[in-house]
Amino acid sequence: MSIRFAVRGEHIQLDQLLKAAGLVDSGGAAHVAVAEGRVRVDGKLETRKRAKLRVGQRVRFGGEEVELVEAGRAEA
């Protein structure tokens, strides 16, 4: 399944995205998921919990894909 997530500002941190998109229940759970190597950004393994993500990037985790879109375009 694909989720379109609106980024407000220049970027969002990976751990914050996982929580805000409802893919994990807490920031701690997001940190564990990243540390365990279960998160990919643009197809590559991401090990930085606070990696800065920007519009146009895609995050895969737990069978879900999150596409980062510009605020105001999430419903487009």
Residues that are open to solvent by less than 90 Å² (accessible area, probe 1.4 Å), touching a strand residue (DSSP E or B) at 6+ places or on another chain (Cβ under 9 Å) and not β-branched (V, I, T): list the strands (runs of 3 or more DSSP E) wholly contained in the chain that include at least 3 such residues. 2-7, 64-70
Within the range 19-76, how many residues are farther than 18 Å from S2 by Cβ and among the β-branched types (V, I, T)? 3
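The values are calculated or read from the model by the stated rules, or taken from the named source; none is laboratory data. No experiment lies behind these values; they were computed from the predicted model shown. As a convention, Cβ positions derive from the backbone with ideal geometry for all residues, glycine included, and neighbour counts pool all protein chains shown. Side chains are part of the model used for accessible areas, which takes the heavy atoms of the whole protein and leaves out ligands, DNA and RNA. Shrake-Rupley method; radii C 1.70, N 1.55, O 1.52, S 1.80 Å.
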